[in-house]
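First up is the structure itself, then whatever we jot down about it.
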Amino acid sequence: MGSFSIWHWLIVLVIVMLVFGTKKLRNVGQDLGGAVKGFKDGMKEANSDADAGKPEQLDGKTINAEAKEKVNNS
């Protein structure tokens, strides 16, 4: 039970084509390709959204400030 040769894979391919038909296999291939393309587009969009949400750092300087409590005089 070694590795399969090219002839084994060709026989398997012919049997799969006979069982499912070429039209159904083509549709499955198109659906799979569309899903992969949609996933890649979603990942690019997620990366661009993540980059846009990062605060910008200006010249690497830190601003020191104190927060004061706001008093409402009404």
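Data overview
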quantity	calculated
Number of the condition not met by residue 4 [criteria: (1) touching a helix residue (DSSP H, G or I) at 6+ places or on another chain (Cβ under 9 Å); (2) of a type outside the set (A, V, I, L, M); (3) in a helix (DSSP H, G or I)]	(3)
Residue in the stretch 22-42 that is open to solvent by 100 Å² or more (accessible area, probe 1.4 Å), more than 29 Å from the chain's Cα centre (by Cα) and of a type in the set (S, T, N, Q) present	no
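Conditions (1) at pLDDT 90 or above; (2) in a helix (DSSP H, G or I); (3) in contact with a Ser or Thr (Cβ under 9 Å, 6 or more places away or on another chain); (4) charged (D, E, K, R), marked per residue:
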{"residue": "15", "(1), (2), (3), (4)": "yes, yes, no, no"}
{"residue": "27", "(1), (2), (3), (4)": "yes, yes, no, no"}
{"residue": "31", "(1), (2), (3), (4)": "yes, yes, no, yes"}
{"residue": "45", "(1), (2), (3), (4)": "no, yes, no, yes"}
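The values are calculated or read from the model by the stated rules, or taken from the named source; none is laboratory data. Being a predicted model, the structure only gives us computed values, none of them experimental. Every residue, glycine as well, gets a Cβ built from its backbone with ideal geometry; the counts of neighbours run over all protein chains shown. Side chains are part of the model used for accessible areas, which takes the heavy atoms of the whole protein and leaves out ligands, DNA and RNA. Shrake-Rupley method; radii C 1.70, N 1.55, O 1.52, S 1.80 Å.
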